[in-house]
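Peer 1: The structure follows.
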Amino acid sequence: MSLLRPVIGAVIGAAVGFAFCKFVGCRSGACPLTGNPWMAMFWWGMIGVMAPGLMLKEQASPLGLDATVAAITNKAVAAGWTVSSVMPLDQSVKKHGGDPGRPVRLINLCQAQHASAILLDDKARVATTLMPCTISVYETASGPPLPASAPRRSS
């Protein structure tokens, strides 16, 4: 297991905790997540370590890359979702001078009723940063394509 993801999560979480403590903060100082800068950094760092595993789901596909993308898009359309785009991320990275490694496809999905509920509520509009819902399909060195998604998103 790579330690990179939890370390990045901890660093980002600690930075968020420090920012919350300094800029939002708890006026009484009694709140464990924002009262003391060290405690805020600790607790938000812990949240940062755990959050990626709670939000992202990865599953191997028995199909090839293009067949997996087609199966996901067909199933999404059959369920009433709109496939707004399928982006070949690896080609874009290569076009701009990067080394993409193996192929990656980003499937962008939207469901009008879910999107409407978010867009009609001013307090929920912050969730538009997660719209549209994206499913990533990519190949790894060790095997078949992996569709990965953030299942808690809805757009």
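Peer 1: Could you figure out which of (1) at pLDDT below 70; (2) not in a loop (DSSP other than H, G, I, E, B) isn't true of Ala67?
Peer 2: Of (1) at pLDDT below 70; (2) not in a loop (DSSP other than H, G, I, E, B), only one is false for Ala67: (1).
Peer 1: Right, something else. Going by what's in this entry, would Gly101 be described as at pLDDT 90 or above, surrounded by fewer than 16 Cβ atoms within 10 Å (Cβ to Cβ) and outside any strand (DSSP E or B)?
Peer 2: no
Peer 1: For residues in region 70-92 being part of a helix (DSSP H, G or I) and within 30 Å of Arg125 (Cβ to Cβ), which is nearest to the chain's Cα centre (by Cα)?
Peer 2: The residue in question is Leu89.
The values are calculated or read from the model by the stated rules, or taken from the named source; none is laboratory data. All values reported here derive from a predicted model rather than from experimental measurement. A quick note on method: Cβ atoms are made from the backbone with ideal geometry, for glycine too, and the neighbour counts reach across all protein chains shown.
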